[in-house]
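Here the structure comes first, spelled out in structure tokens, and everything after it is commentary.
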Amino acid sequence: MLRATLFSLIATVLPTLAAQVPLGSGHHWQAEHYPAILRDDDIAEWSLDKLPNPDATDHLVFETVHSLLQHWPNTRMRNGHNIVPGSIPKGTLLYHGTSRKELPPGPDWVATDPEHSYLFCQDWFNHPQEGCWHLTLAATRPLKVIYFDGNSAAELPCGTLDTQDLIAWSKISDGNHSSERERIQDLCKWGRNFGVDGFVSEIMLCDFTSGVRAAFANLVSRRALAPMQLFVSFEVLNAGSWHNRFPGETRVQLDLAGLVSFYDTQLTPSLTAIRAGQERWDHRVGNISQEDLSAVKSRLEAVLIRPRGLSSGIDWETLVQVIVDRYSERLELTRYLLNSLATGPDELVDLANKTQTQLRIMLTPYLLFSATPTDESDKTELDWTVPIYKLCATTHTYSMESELDSMTDAEKLLLKAVRGTSREICRVVTKMWAAGVYAGIDPLLNTKGSGGISVSEITHLWGTWAEDLNRLMAWLDWNVWIKCNPGCGPEEMCYLPTWPIGFPPKWGPGREPTSPSDPDRPDLDRRTSLEFRTVVMESVAEELSNIIKPESDEWIRPQPKCVRRTGPHKL
């Protein structure tokens, strides 16, 4: 049986292989189509010493697009830069906790997970013994939404709400960071002109009577669960962690062909000089010029009336993920090897061999047979690596040239982002690999002959490798590399400081919480006049503030840490 199957497989595969035309034959490929074939100007253009433009944002567009709808990266980099149209599919369930058996009369918040909405299933105004009302909403048609990336549900004055404010009010005001009711109402008023049903930071639904079917359940109020309140609150963090990484929140489907990015330097040139010299944590969009803001709003409005199918059809989400999958773990492993401590010359050479092997593995699909050192004595002569570098950098995008006419503005931006990011990865990896070749440690290209390996040369190579790789990984700044180290135990979860846990909403960066006895802190009776949602969020934040205590700068630069999911709750 096995033998017959094997012969059948061979009979199927051999004719296929025989019919394939070698790429090197030149029979079907022209220089302008196949990236490994060089034109006259390629040597200078593809120099391994040519660094990215410091004002370029290709890597920022790439990483923010890769992070869309993922909780972890948008909690880490709180200030959003992308606005993306999308939809919530028919049949999707959404949830809303309330104190009354009434549909909200106007725009209000809903959650994709009941663990989140249940926080609001309580009654500050009557008696918890009467229970609370939990509303389940089923989408009866696709709901048209607009997604703001970043930690755009956090009511902070440091930039988290900038993109929403610019769309709602054409300006930002740090004093308006708590004006959430006014913000959602004005966003919905603006979106009504384009058939928008809601906005996604948390999901803000504009009309609870349109596109959804509602069902109420009378549940035990969270306030009646005194012994369990802490666990209920922690489950909000746990439910959020389900969407930490790719593919993120799958109940919202984005149309990347309609992406509008504040990292688009052609669309928002006024932000380029403002970002100069800043760390990514500090990037904000609030200082955009009025001219650029008008261009952003015009682009977004055009996107919202564009038929969704009007695009190239390229799956940009998958393309970006393919590149992250190809390199993220391999670069991380290479960094681990370079950070390993060698106790002697033999161990140093062994680690160098392992590192060179990883570099070769990353480049294997692009190591052309004809690409070998032309002058093994001249280590600065790297022209022979250019075909490898170019093939690596362009292999995912060279075939898309023919699609440019059908691409939207967003797709052209995405293409540029993929090109720029791939190019820098391949430049650094090719340069590191070539250095290893000249050091005589490549398993297949031995430039040393029988001369042996110089430990001093390997020591110098080690420092150069570490510098190049650290610069690349800092430039990419992929959130897949941000994790708890060492990893968390089975009763723990890896956590990034998240609004409002640890910081009640009224406390900003650098401000210390007031004590419960502070006369300026509103008591329960005085707080009943505040927005119900704000009351609940403050109560949860205060409840957990003695357990989760971020450092003073972690609102802006949150760092991962393990936190217990089971009692006793502590970091």
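The values are calculated or read from the model by the stated rules, or taken from the named source; none is laboratory data. Worth saying up front: this structure is predicted, and the values here are computed from it rather than measured. Because the Cβ atoms are built from the backbone with ideal geometry, glycine has one as well, and the counts that use them run over all protein chains shown. The accessibility values were calculated without ligands, DNA or RNA, using every heavy atom of the protein model including side chains. Shrake-Rupley method; radii C 1.70, N 1.55, O 1.52, S 1.80 Å.
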What FRET efficiency comes out for the pair R326/K549, r = Cβ-Cβ distance, R0 = 41 Å, nearest 0.05? 0.60
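Using 0.36 nm per residue, how much length does the chain from S340 to D477 gain when fully extended, once their Cα-Cα distance is taken away?
Full-extension gain reported as 47.2 nm.
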May I ask you to give the percent of accessible area on region 62-149 that is carbon plus sulfur, with a probe radius of 1.4 Å? 53
Please report the net charge: other residues with Cβ closer than 12 Å to the Cβ of N353, K and R +1, D and E -1. -2
Using alpha-carbon positions, the gyration tensor of region 315-464 gives root eigenvalues a ≥ b ≥ c; with a/c under 1.5 called rounded, otherwise prolate if a/b exceeds b/c, else oblate, the class is prolate
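Take each of the peptides 289-298, 252-261, average the number of other beta-carbon atoms within 10 Å over its residues, and list them starting from the highest. Don't skip to the end; give the middle numbers.
Working: 289-298: 14.8, 252-261: 22.9.
Order by mean packing, descending: 252-261, 289-298.
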Stretched out fully, how many nm does the piece from S270 to K189 gain, at 0.36 nm a residue minus the Cα gap? 26.4 nm
Under a straight-distance cross-link criterion of Cα-Cα below 18 Å, which lysines are reachable from K416, leaving out those fewer than 8 residues away in the same chain? K50, K390
Students often check this: by mean Cβ neighbours within 10 Å, which of 475-486, 425-436, 403-414 ranks highest, and how do the rest follow? 425-436, 403-414, 475-486
Can you figure out the FRET efficiency of R141 with D383, using R₀ = 56 Å and their beta-carbon distance, to the nearest 0.05? 0.40
At q = 0.25, 0.29 Å⁻¹, what base-10 log of I(q)/I(0) does the Debye formula yield for region 439-487 when every alpha carbon is treated as an equal point scatterer in vacuo? -0.92, -1.05
Sites L368 and H460, calculated FRET efficiency, Cβ-Cβ separation with R0 35 Å, nearest 0.05: 0.80
Per DSSP, the loop-located chymotrypsin sites (Phe, Trp or Tyr not before Pro) within region 230-305 having at most 15 other beta carbons within 10 Å are W242
Add +1 for every Lys or Arg and -1 for every Asp or Glu among the other residues with Cβ under 13 Å from the Cβ of T57, and state the total. -2
Charge sum, other residues only, whose C-beta stays under 13 Å from A139's C-beta, Lys/Arg counted +1 and Asp/Glu -1: +3
Within straight-line cross-link reach of K189, lysines at Cα separation under 20 Å, skipping those fewer than 8 residues along the same chain: K144, K171, K297
Mind checking which aspartates and glutamates have their C-alpha under 18 Å from K561, skipping anything on the same chain fewer than 8 residues away? E235, E491, E492, E551, D553
